[in-house]
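I have placed the structure first, in the form of structure tokens, so that the comments after it can refer back to it.
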Amino acid sequence: MPDPECHIRFDNNPYGVYLAGQTLAGQVELRLTEILSVIGISLRLDGLTEIEWSEVIESATGHQPSGSRKTTRYHGQQTLLNSTSFLCGSSVGPVRDLAIGTHTYHFSCELPAHLPTSFEGYHARIRYTAKVSVHRTKARVDPIGQASFTVLRHLNLNEHGEVLLLPAKSELTKVFCCGPCSSEPLYISAQIARCGYIPGQTIVMKIDAVNRSRTTVTEFRVKLVQKLCYSSQQPAVETRTDALVVAESRCSGVTSGEVVKHQQNLLIPAVPPTYTDGAPIFSVNYELEVEARVTGPNISPRLAMPITIGTIALEQAVPKEKLKPLTKPPWDPFSSQHYTDIIGTRIPIGHAVRRSQAGLEEQLPNGSNNVRLHYIVHRNGGELPP
């Protein structure tokens, strides 16, 4: 007996896109060319997170110097939605005959508010489906049709406290080479006005750089990085993290002996919101990365700041009384009031080391000879204290 022709349609929603917590309603249409004997027809709504990846491990053996290759497939899953309702009959009722023709059944189901946004990736997916099955007997259930639908879950940034309203700053100091060949430091800092955004908004990043090294920074690359974290269940618990660049902008770098200030704008594309409820199986996070591309064989320094991507934008600013200064002020290479070491720690003037014209270190009278300064900023533009 051939399976009946089955069509699933969603009411006033041809693309099947719903918000978590909304009511999913529609109809199932069966077209029969002959009498169909069943005990029931069911509709099941499924939501599933699935992760999968493979790793190839090579092991050397005594007889085979090249070694053998073994591929291990890691996978895991998490059930998000599993709801079954009967359009007619039941799973244990008497047999009934459906006449030739078209049969239409209506359905309605409220989606849980906690459902995450649908996601399709190379190693992970969050999918939702509506499946129709014919129960011919208690032991025989035949699927006859299915339709996928998309779930969008709102992430209101205003419900995550005032931490997302606060500005964020990251800084680093890079010294190229080491020992007697070490260079003067390269200082980079990046700052954003807040830590919460939604797709369509523009991130304004301020970049400050002081290059005392002999290495040229050819350009700065500002990236929005999507970090996907997976944790398998079979055959063993293993973790994996993928970093995908979803947006990028570039600006000019900084040459040796130069001080620059940049302001870079980065438009956030259409990306799914931050998702951490599925951890450890699967999670989605975002961070801003600034890469300073340098010349030569040196490794390009990077600094990063985590941010939250939501669907409802921040509405208010942080009151000024909430913005209290840090107990220990951050390193400011543009200040002329402090001496600065290679990691940005402020050193009292009485514990400084003077550099001679020949580039050698000289011990000051206080005996502080265990700190090496890579550049010195004079107080008020004057000479070092005696």
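The values are calculated or read from the model by the stated rules, or taken from the named source; none is laboratory data. Quick caveat: nothing in here was measured; it's all calculated off a predicted structure. Counting neighbours? That spans all protein chains shown, and the Cβs are built from the backbone with ideal geometry, glycine included. Each accessible area value is taken on the protein alone, full model and side chains, heavy atoms only, with ligands, DNA and RNA left out. Shrake-Rupley method; radii C 1.70, N 1.55, O 1.52, S 1.80 Å.
Annotations
- Check on ILE57, without any contact (Cβ under 8 Å) to a residue 40 or more places away in the chain and of a type in the set (A, V, I, L, M): yes
- Filtered residue count, the range 188-228, keeping only those that are under 28 Å from THR311 (Cβ atoms) and over 24 Å from the mean Cα position of the chain (by Cα): 0
- The C-beta contact set for the range 197-216 (first residue aromatic (Phe, Trp, Tyr), second residue surrounded by fewer than 19 Cβ atoms within 10 Å (Cβ to Cβ), distance under 7 angstrom, 6+ apart or interchain) comprises TYR197/ILE268.
- PRO297 meets the conditions (1) over 30 Å from ALA20 (Cα atoms); (2) in contact (Cβ under 8 Å) with a residue 12 or more places away in the chain; (3) not charged (D, E, K, R) in every case but one. The failed one is (2).
- Verdict on SER232 being of a type in the set (Ser, Thr, Tyr), more than 30 Å from PRO280 (Cβ to Cβ), surrounded by 15 or more Cβ atoms within 10 Å (Cβ to Cβ) and in contact with an Asp or Glu (Cβ under 7 Å, 6 or more places away or on another chain): no
- Scanning the range 131-149 for residues that are surrounded by 15 or more Cβ atoms within 10 Å (Cβ to Cβ) and either of a type in the set (Ser, Thr, Tyr) or not in a strand (DSSP E or B) (or both) turns up SER133, ARG136.
- Residues that are of a type in the set (A, V, I, L, M) and assigned to a loop (DSSP other than H, G, I, E, B) do occur in the range 193-208, at least one of them.
- When the range 255-278 is filtered for residues that are out of contact with any His (no Cβ under 8 Å at 6 or more places or on another chain) and open to solvent by 60 Å² or more (accessible area, probe 1.4 Å), the ones remaining, listed by number, are THR255, SER256, GLY257, GLU258, VAL259, LYS261, GLN263, ASN265, LEU267, ALA270, THR276.
- Among the residues examined, TYR122 qualifies as of a type in the set (Phe, Trp, Tyr) and out of contact with any Ser or Thr (no Cβ under 9 Å at 6 or more places or on another chain).
- Each residue in the range 214-241 was checked for being farther than 16 Å from GLU291 by Cα and touching a Cys at 6+ places or on another chain (Cβ under 8 Å), and 3 of them qualify.
- Yes/no for SER252 being farther than 17 Å from MET305 by Cα and under 27 Å from the mean Cα position of the chain (by Cα): yes
- Filtered residues of the range 279-315 (kept if open to solvent by 60 Å² or more (accessible area, probe 1.4 Å) and in contact with a helix residue (DSSP H, G or I) (Cβ under 7 Å, 6 or more places away or on another chain)): GLU315
- Scanning the range 210-227 for residues that are closer than 21 Å to PRO297 by Cβ and among the aliphatic types (A, V, I, L, M) turns up just one, VAL217.
- Which listed residue, of GLY89, GLY101, is out of contact with any Phe, Trp or Tyr (no Cβ under 8 Å at 6 or more places or on another chain), at positive phi and touching a residue at least 60 places away in the same chain (Cβ under 8 Å): GLY101
- Exactly one residue among VAL225, VAL237 is modelled with pLDDT of 95 or more and either among the β-branched types (Val, Ile, Thr) or part of a strand (DSSP E or B) (or both), and that residue is VAL225.
- Within the range 150-170, the set of residues being assigned to a strand (DSSP E or B) and either within 26 Å of GLY16 (Cα to Cα) or open to solvent by 70 Å² or more (accessible area, probe 1.4 Å) (or both) comprises THR150, VAL151, LEU152, ASN156, LYS169.
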